[in-house]
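The values are calculated or read from the model by the stated rules, or taken from the named source; none is laboratory data. Remember, predicted model here, so these are calculated numbers, not experimental data. Backbone-built Cβ (ideal geometry, glycine too); neighbour counts: all protein chains shown. Areas reflect the complete protein model, heavy atoms only, side chains present, ligands, DNA and RNA absent. Shrake-Rupley method; radii C 1.70, N 1.55, O 1.52, S 1.80 Å.
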Amino acid sequence: MQEPTEMSTNGTDTEHVLEALDHAAHYLPDQGPIGVFIHHNTLHAFGHLTFHEAIAQATALFGTEPYLSEDAFRHHHAQGRITDQDIDAAIATDCSDDAALATIPGRTLRRRELRRLAMLHAMHAETREGLRYLLQEASLDTRLGNDVPAEAAARLIEEGMRYARALLDRGTGDEGVTALASALATPGDDPDTARARLAGLAHARPERDALRRAIERDPEAFAVRALWARCQALTHTARDTTSPPQRGFRLGPDGTHRDLLLHLTGEDTDALVNAEMLRLASAYLDLGMAYWPMPDRELGFYAAVRALIVSSPRPAAPWLRTAATEMRDRARRGDRAVDMIVEAIAELGVPDQVLETYLIKLLLAQPGWAGMMSRLERHPEDRPPDSPPASLADYVAVRLVFERAAIRHLARTVLGWRGPLAGLVDRFGRDVHVQAPAPGDHDRAYRLFRLASVAGLPAPSAAELGVAGASALLVELVAFDELARRRTFHEAYERHHRHQILDAMAVHRQHVRAEARVAEPRFQVVTCIDDREESLRRHLEELEPRLETFGAAGFFGVAMDFRGLDDAHHMALCPVVVTPSHEVEEHPHEDDLPMHQRRMARRRLWARLMHSLSVGSRSLFRGQVLTALGTAAAIPMTSRVLFPRASGRLRQRLSERLLPRPRTRLRSAREADAEAESSERGKLLGFSVTEKVDRSMSLLQGIGLVNRFAPLIVMLGHGSTSQNNPHASAYDCGACGGQRGGPNARLSAKMLNRPEVRTGLRARGIDVPETTWFIGGMHDTASDAITLYDTDHVPGHATEALAELGRLFDQARALDAHERCRRFESAPRNATPEQALRHVEARAEHLAEPRSECGHATNAICIVGRRAITRGLFLDRRAFLASYDPMSDHDDSILERTLLAVGPVGAGINLEYFFSYVDNQRYGCGTKLPHNVTGLLGVMNGHASDLRTGLPWQMVEIHEPVRLLTIVEATPEQLLAVAERQPVVRELVVNRWIQLVSVDPTTGAMKVFGDRGFVPYAPDAVQLPVVSSSVDWYRGHIEHLAPARIVPREKALVHAAR
Amino acid sequence: MLHDNHLALVAAAVLGLPAAAFLGLGGFMFLVRAPSERFIARLTTLVFGLALIGSLVTLGNVLLGPQHLIKIHIGRWFELPGYAFEVTLVIDRLTATFMVLTTAIIGLIGRFSQTYLHRERGYARFFLLVHLFATGMLLLVMAGSVDMMFAGWEFVGLTSVLLIGFFDERNGPVRNGLRAFVTYRVCDACLLMGVVLVHHYAHTAQVDLALGAGQWPLGAAHLGQFPATLIAVLFTLGAIGKSAQFPASGWLPRAMEGPTPSSALFYGALSVHAGVYLLLRTAPVFEAAPVARGLLVVVGTLSALYATLVGRTQTDAKNGLAYATITQVGLLFIEIGLGLYVLAVVHMVGHVCVRTFQYLKAPSALHESHLLHAAAGGVHLTTGAHIESILPLRVQRWLYGLALARFHIDEMLDGVAHAVLALARRLDVLNRYFAALYGSAPADRASAAPAPAPAPAAKPFDAKMVRSARS
């Protein structure tokens, strides 16, 4: 332990501390204010490691769950979700050397078999107390567990019985009884105890005849007891005499001062410090919840807190008083946050080499708030421009003030320590014994016994293992620890799903022509790649064979800062990695200007009224008047709770009546390139013709829609409606930065309709016929409403087609609602599509509905390729479908662009769901029910808790945690080339954060990327079910469904659905 | 118009329905298993639907009928020489109003919770407690004697505590539930003393006999000024606890740990107004006790000022609502203290409706704020800013710090509690010393020896355990 350095701050100390802090900040959650929810890999800090390595490290650092639990996996095995082949394959991949571990006559136990047994049968470490319980209450030593396979059990009992009899028949007189008694004895028993134990087991006097009868009567008890005695004897003698090394407490790796004190005193300084920190941090970062904001926020967190403490009355809690005194001193000196940290670190005696670890553990005491502070420091654009400055150093400085005060207080009052804090670890840390957990004798015996029983090794065979054999098995068992078992299980779990999908795709491909497009399409619909649009596309195609669908990233290639008619500010509608350079606004039509003005005025009035009511009812005098008249609130409350759908429609109607919406236009045209107008915000106003042509070109090329245009083409963005849902943004379009994608679709269609854009496209080789018209639209993934924009512009010749399309959409969205309802336990069974539609509309309007929709909960697959290879394949809303035509991509530039857009967004969503599901309490934010919106930044649990990040349980509960199975129509060489050029893609692929599969565009041959690069995949010849419609396949099922081929009968599909 | 006997039957059924549902559901859960969600949901809807109809019928009859007070004899529990415990219910305008309010709000929130708690572990437990709460609340409201009122009061407190600790896998809810429990215990002790004194001075616990039989609130208590004052002060102390008034307010914001609808039901709607009901019911006693009325006004004023200041600094939806509730309940105390009973009832019913709705919509805070901000044209909406305009900057800062720290009230109460505990511990030591001195049983002596403190170093340091304690 190094001596506390002199209390002075010099440049290198400061730099050193800031650098360590910078590194530590990586491990904090990176979630911004919750109004805009961006899905990202929860373990982004570990992205440079391979998936499994990252999980191992994160598990060690955060104390989180790595994968599903072993019990859950075993349950999946019992259900057939994981098969024996999956497990064998996963073991084989992981363990190339199937060495023989122990050989006895007639039996060789190999490493792979041992691993399989350890996975399929609970063989975890057992505590001494647990073992005592098992022996006394669960008859561990006389009865076989019910997970022992029947065959093994029969062998165990048969041979155990023979063994017992043979011992009993040995010699003359009492000799046999003694031999049997000693064979069944626990090590250390004297002969009398052994005989007594035998008598107890037999429920008879220890005499030869009585014992022989007892063995006949209950052979299992003797056989099992003999095995248990053997295992005890083997492990007893195999005792590892070197006791595990013990050492004192080390700051950093073993924790902070708080951990030492918690261990020594049972009291937690975090209980004190966290409450203060959360009160101050939320008051400081609050974006407008509090009526009375914190003063002096412009000074920064540290200075504001210091000023607050200085001007406040003396705190009542004794531990806080030293903090207040210190702050007063510091206020006089006017020090900086970083000075404070340097001094505090010195005072606490944290050695230089563990500084970063110490800081990480300090920050992880309240990762939510620390993470928010750090995130806002790095991303000022997450908040309005006039927000107070955020700084993690400030946060740590304040934390250290309270942390030291609490440590000092606890050390003095409980441990009686009045010396310098740096001496605390020296004085008390030695007496703490930190030791690596090593299995004791009892545990070794237990595990060996469990192994022998499930492997069907009877007592005599166990004896033949010898000490060395037993030891070898145990070493292997311990080495194949829980993390390794769960990792292997996880691989098996993923493998099953992967094979199911790849096999289905292989079979499906035999029935379709990959290069086939719909001949003479009547409609084309371009949706987001979102997994939730898979069903809508499928239903549309089932309803109208001459309808063709495409999937494009939901911002449709137009990255923009958009301000809608009703929006206060511009919002970036594009993937988060892009910063838009264009600005687009929605403006009222000139003729409707008066209407617009009236509307604005009324909205302002309404806002003021609602605001005064909301604030007034919470205040004192106004509150008295308002609440006295408050009985009126019973009307909206009752109607919204009892009749959600009807009251939602009523509100809609009222708002249409009182606030009629003018016709609007997007202002997006910029006439000449040279006269680029800039907005006040320094962005380009609208797109120039060249830019429009560029964007249209890249969108059409990207999805492979360069010829065979239908007369009517719809660009369909998406968003989601829900009530009482702080996480609402997490349901919106990920490719639009957690916003609704309608405006992008609308703008994209508008661009494509411009004659000058068409001319430009023609010049570049894409000939969109005069008769083709594009329409933008929006799909509400919760209420399944579909809105089309600017339909008044549709040329006369297309109006009939438009009406037809409207009818198709109405049928398709009802069927989509119908398919979605199968996953809701609370939805009516056997509903018609129309009833299902009403049900999902009610869900979207229901105040009490925590599951307005399932979000991305079922995501598992991402297919980049032509629709022909998936059209007619039931993918159960589990697949991101990005359209990509490898045949028209000559230099892989489209592939590169597509993977760059789809990979990070898809993997971000997939991994966020993965981790939020696997450890919902720590990676996710737990159940929604006690959530409490705080500071307009996020949610906490109930009265006071850390800011909760990640996804709530209600969002993920039906998720299957598998890495995104990304299937791309490109050769391995092309994929590797793209990965080589794009570090983002490389990290995902090479570190295996996604499962990448290459499908050869011409032959359809598949190769799976693994440890040894791309390995050919030979599909199993499976029978892919064939049904005539999606409804026929999913009707009556609530669980995940396997793929099926949908081959429509000629007509009357919709009627079949009813 | 129903005959009195029939009305009595209807009113008794309103109380009996949730009680029967609680017993039936509880018995089934205890003996068999938790029934399906669907069954519980239907049962709850049925029970509160019928109870609401019964309550409305009762209210209609009481308002229109000739009699201002109907007494229902259920039976006699036990009899001693000179005393008999009569189980009675009393129906008058106040009671009937509260019956309607109680059944309507619980029914509504029950309906809300059926969707909100879908698939939650503890679904059945939640509704079991809601039925027990309804029983307690209705018993409190309809009780014909102060003893029974106390029994209902205790059920309300118990269910409140159990629902604060609903998420019992985390520390916070359990700790905060305990805090509410302790606050209740202390204040309920005062109420219990008051109840005993009613027996002592009025020789009966029957509401109509002891507290006045006139048309509510005009009845006159059959008590002298001193007993009336003593009893009224004790009732006030009891009401302070349940209604989270100064200085026992700290538990209410901490009670926001349960699922959102239980916060709405207990702390927006009914439980927090139970103290107000107690004061209204016993208004005749307060009429005879000007000192106690003065105390009500003082407590109400302090609570309202304290809560409105603290509430202004709260940065989250539910804590903000908790302090807003305390503010208005403080005003209700003042109104009752000033004798404005009808205003208090109207104010209270309105407050229940507004606050319950606000609690139910608490998770929308973010959405609503964005919506209003946009509708206002992107400007930051402010109202009032009265404190800022009146007080000098220094005082503002001082006050802000005080308000953000919630006036340190909880810490001070903790200090008092620790002092009491320390005193109790010393008295205990003294007691043992004397007991040992005068030779008590050896067993006692053994336990009198101070237990050796467990050696802290004996247990191995487990990094994993420590970390999980953090979360």
Open item on the list: Using the Cα atoms of chain B, I'd like the radius of gyration and the largest Cα-Cα distance, Dmax, both in angstrom.
Closed with: 24.6, 83
TODO: Treating the Cα atoms of the stretch A:456-503 as identical point scatterers in vacuum, please give the log10 of the normalised Debye intensity I(q)/I(0) at q = 0.30, 0.31 Å⁻¹, two decimals.
DONE: -0.99, -1.01
- [ ] Would you calculate the separation in nanometres between label points at residue A:138 and residue A:325, each defined as 7 Å from the Cα along the Cα-to-beta-carbon direction?
- [x] 5.5 nm
Open item on the list: Sequence gap at least 6, Cα distance under 8 Å: using those rules, report the relative contact order of the stretch B:287-371 to the nearest whole percent.
Closed with: 32 percent
Open item on the list: Using the basic label-point model (7 angstrom from Cα toward the beta carbon), what is the residue B:42 to residue A:175 distance in nanometres?
Closed with: 7.6 nm
- [ ] Mind checking the full-extension length gain between residue A:510 and residue A:265? Use 0.36 nm per residue of separation minus the Cα-Cα distance, one decimal, nm.
- [x] 81.3 nm
Open item on the list: Are there any residues in the stretch A:626-647 with a reduction of at least 20 Å² in accessible surface when going from the isolated chain to the assembly of protein chains? Probe 1.4 Å, please list them by number.
Closed with: A:627, A:628, A:630, A:631, A:633, A:637, A:640, A:641, A:642
Open item on the list: Give the separation of the Cα centroids, the stretch B:99-114 to the stretch A:384-456, in Å.
Closed with: 47 Å
Open item on the list: Can you give me the orientation-averaged projected area of the convex hull built on the Cα atoms of chain A, in nm²?
Closed with: 51.7 nm²
TODO: May I ask for the net charge around residue B:114, where only other residues with Cβ less than 12 Å from the Cβ of residue B:114 are counted and Lys, Arg are +1 while Asp, Glu are -1?
DONE: +1
Task: Rough spin-label spacing in nm, given labels placed 7 Å along Cα→Cβ, for residue A:79 and residue B:20 - done: 4.1 nm
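Quote to one decimal, in nm, the extra length available between residue A:88 and residue A:379 on full extension: 0.36 nm per residue of separation minus the C-alpha distance between them.
So the extension gain works out to 100.1 nm.
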- [ ] Could you please state how large a percent of the accessible area of the protein assembly as shown is carbon and sulfur, counting protein chains only and using a 1.4 Å probe?
- [x] 58 percent
- [ ] For A:577, A:984, A:1026, B:161, give the ranking by accessible area with the largest first, probe 1.4 Å.
- [x] A:577, A:1026, A:984, B:161
Open item on the list: So with the 1.4 Å probe, I'd like the accessible area per residue for the stretch A:962-1058, rounded to whole Å².
Closed with: 49 Å²
- [ ] Find out how many positive minus negative residues lie around residue B:83, taking Lys and Arg as positive, Asp and Glu as negative, among other residues whose Cβ is under 13 Å from that of residue B:83.
- [x] -2
Task: Candidate aspartates and glutamates for bridging to residue A:692, where Cα separation is under 20 Å - those fewer than 8 sequence places away on the same chain excluded - done: A:561, A:583, A:585, A:586, A:671, A:673, A:675, A:677, A:756, A:767, A:770, A:790
Open item on the list: Using helices alone, I'd like the mean residue ellipticity at 222 nm for the protein assembly as shown: each DSSP H run of four-plus residues gives -39500 (n - 2.57), total over residue count, nearest 500.
Closed with: -18000 deg cm²/dmol
- [ ] Evaluate peptide A:253-264: per residue, the Cβ atoms of other protein chains within 10 Å of its Cβ; return the mean as an integer.
- [x] 3
Open item on the list: Tell me the Rg and the Dmax, in Å, that the Cα atoms of the stretch A:925-1058 produce.
Closed with: 21.9, 61
Open item on the list: List the residues, sorted by chain then number, that are 5 or more residues from residue A:247 or on another chain and whose placed amide H is less than 5 Å from its amide H.
Closed with: A:434
Task: HN-Hα J in Hz across the stretch A:648-655 - Karplus 6.51, -1.76, 1.60, θ = phi - 60°, x for Gly and Pro - done: x, 5, 4, 4, 4, 5, 4, 5
Open item on the list: List the residues, sorted by chain then number, that are 5 or more residues from residue A:571 or on another chain and whose placed amide H is less than 5 Å from its amide H.
Closed with: A:562, A:563
Task: Interface burial for A against B (accessible surface, 1.4 Å probe, total of both chains, Å², rounded to 100) - done: 8800 Å²
Task: Backbone N within the stretch A:823-849 under 20 Å of label point (7 Å from residue A:643 Cα along the Cβ vector) - done: A:835-849
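Net charge around residue A:787, counting only other residues with Cβ within less than 12 Å of its Cβ (Lys, Arg = +1; Asp, Glu = -1)?
So the surrounding residues net to +1.
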- [ ] Would you kindly state how much longer the chain becomes between residue B:436 and residue B:73 on full extension, computed as 0.36 nm times their sequence separation minus their alpha carbon distance, in nm to one decimal?
- [x] 125.3 nm
Task: the protein assembly as shown: Cys lacking any partner C-beta under 4.7 angstrom - done: A:95, A:231, A:528, A:574, A:821, A:854, A:862, A:925, B:187, B:190, B:353
Open item on the list: Please compute the Kirkwood hydrodynamic radius of the stretch B:175-266 from all pairs of different C-alpha atoms, in Å with one decimal.
Closed with: 14.7 Å
TODO: Work out the mean other chain Cβ neighbour count within 10 Å for the residues of B:115-122 and drop it here as an integer.
DONE: 6
Open item on the list: Taking θ = phi - 60°, what integer Hz values does the Karplus form 6.51 cos²θ - 1.76 cosθ + 1.60 yield along the stretch A:313-329, in sequence order, with x for Gly and Pro?
Closed with: x, 4, x, 7, 6, x, 5, 7, 5, 5, 5, 5, 4, 4, 4, 4, 4
- [ ] Work out from phi, with θ = phi - 60° and the Karplus expression 6.51 cos²θ - 1.76 cosθ + 1.60, the ³J(HN,Hα) of each residue of the stretch B:40-47, listed in order in whole Hz, and give x for Gly and Pro.
- [x] 4, 4, 5, 4, 5, 4, 4, 4
TODO: Would you kindly find the accessible area of residue A:461, with a 1.4 Å probe and non-protein molecules such as ligands, DNA and RNA excluded, rounding to the nearest 10 Å²?
DONE: 20 Å²
Task: Whole-number percent relative contact order across the stretch A:86-223, with pairs defined as alpha carbons under 8 Å at least 6 apart - done: 20 percent
Open item on the list: Within 10 Å, at most 16 other Cβ atoms, and a DSSP state outside H, G, I, E, B define an exposed site. Report the longest part of chain A free of exposed GluC sites (Glu not before Pro).
Closed with: A:268-514
Task: Using alpha carbons only: equivalent-ellipsoid semi-axes of the stretch A:138-296, gyration tensor based, whole Å - done: 63, 21, 14
Open item on the list: Could you tell me how far the Cα centroid of the stretch A:762-812 sits from the Cα centroid of the stretch A:332-346, in Å?
Closed with: 63 Å
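To the nearest whole number, what is the average tally of beta carbon atoms from other chains within 10 Å of the beta carbons of peptide A:303-314?
3
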TODO: Find how many whole Å separate the alpha carbon centroid of the stretch A:1005-1053 from the alpha carbon centroid of the stretch A:898-959.
DONE: 30 Å
TODO: Kindly tabulate the residues in the stretch B:298-346 with an accessible-area decrease of at least 40 Å² between the chain alone and the assembly of all protein chains, using a probe of 1.4 Å.
DONE: B:312, B:315, B:316, B:318, B:328, B:331
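What FRET efficiency would be calculated for the residue pair residue A:162, residue A:1018, taking the C-beta separation as r and a Förster radius of 56 Å, to the nearest 0.05?
0.75
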Task: Exceeding the 28 Å Cα-Cα cut-off - candidates A:683/B:361; B:242/B:361; B:71/B:361 - done: A:683/B:361; B:71/B:361
